Amino acid sequence: MADARDAAGVYWVEPRKRAVLPLDGFHLSRSLKKTIASDRFRVTADAAFEDVIALCAESADDRPDTWINTTIEQVFTQLHFRGFTHSIECWDSDELVGGLYGLALGRAFFGESMVSRATDASKVALAWLVARLRAGGFTLLDCQFQTPHLASMGAVEISRGDYVALLGGAIEGSLGGAAASVESGDFGALDRLPLDSDGAVTVSGPLVGKDIVQLLTQTS
């Protein structure tokens with residue numbers, strides 16, 4: 001993190017309690033389900049990573065400054081070109097109105113920041129992310145710090161010990177050295193798994209909001 005947008009350096013933070021969102025515990029409220037199913041927003045993945053991180057770094061009325069400085073922006077953009085960082089974008093026509101970005105390592109996804117410039121845009125982005133991570137075999141969604149916004153969608157706080165145990169299982173074998181003992185998560189798997197209204201795999205067809213609702217409401 002950085003102290004401010006124009007800060008020269010960054011520093012590491014390790015919360016005593018960590019916020020995680022269990023991938024089988026996402027809370028899909030009735031109103032959010034309706035919003036997703038109606039396709040109010042066009043949702044994409046990795047279509048505008050640099051725009052998402054720039055939007056996250058912008059000041060807003062409720063957040064005059066940010067912890068995302070130029071160094072963080074540049075590093076995460078480089079990691080994106082190498083396939084390690086990803087974004088979810090929400091569009092209103094051709095306008096980017098929300099989204100999120102984070103780092104994928106092994107079967108863990110570390111959410112860095114999310115942003116909303118339209119009602120429910122960040123919630124929709126998070127729902128699509130959870131569906132994507134579930135389809136891709138991920139086991140950990142690290143939200144870092146708990147907020148009321150995240151709690152309302154199912155995020156919980158766990159102790160450092162419990163977090164380290166989850167993290168170890170999710171990234172085991174993914175840091176080089178010994179051969180990987182677990183397969184890495186596949187961020188693009190959802191794009192190859194279009195679903196019909198009954199949740200069955202179909203031959204072809206782009207995913208829509210109703211598919212995401214179906215996937216999120218399936219029993220793990």
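The values are calculated or read from the model by the stated rules, or taken from the named source; none is laboratory data. Being a predicted model, the structure only gives us computed values, none of them experimental. Here the Cβ is made from the backbone with ideal geometry for all residues, glycine too, and neighbour counts use every protein chain on show. Side chains included, ligands, DNA and RNA excluded: accessible areas come from the protein's heavy atoms. Shrake-Rupley method; radii C 1.70, N 1.55, O 1.52, S 1.80 Å.
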Can you find, within segment 14-27, the residue that is farthest from Gly102 (Cα to Cα) among those that are open to solvent by less than 30 Å² (accessible area, probe 1.4 Å) and over 13 Å from the mean Cα position of the chain (by Cα)? Pro15
Here are the criteria: (1) basic (Lys, Arg); (2) farther than 21 Å from Cys143 by Cβ; (3) at pLDDT below 95. Tell me which single one Arg63 does not satisfy. (2)
Hey, Ala131 touching an Asp or Glu at 6+ places or on another chain (Cβ under 9 Å), farther than 13 Å from Pro15 by Cβ and modelled with pLDDT of 95 or more or not: yes
So the check is Cβ under 7 Å with 6+ separation or different chains; which pairs have a first residue in segment 15-26 that's touching a residue at least 12 places away in the same chain (Cβ under 8 Å) and a second one that's loosely packed, with under 14 Cβ neighbours inside 10 Å and of a type outside the set (Lys, Arg)? Pro15/Phe145; Lys17/Ser159; Ala19/Phe145; Asp24/Ser220
Let me confirm something: among Ala118, Ala155, Ala165, which residue is under 16 Å from the mean Cα position of the chain (by Cα) and not polar (S, T, N, Q)? Ala155
Answer yes or no as to whether Ala48 is modelled with pLDDT of 95 or more, of a type outside the set (Ser, Thr, Tyr) and open to solvent by less than 20 Å² (accessible area, probe 1.4 Å). yes
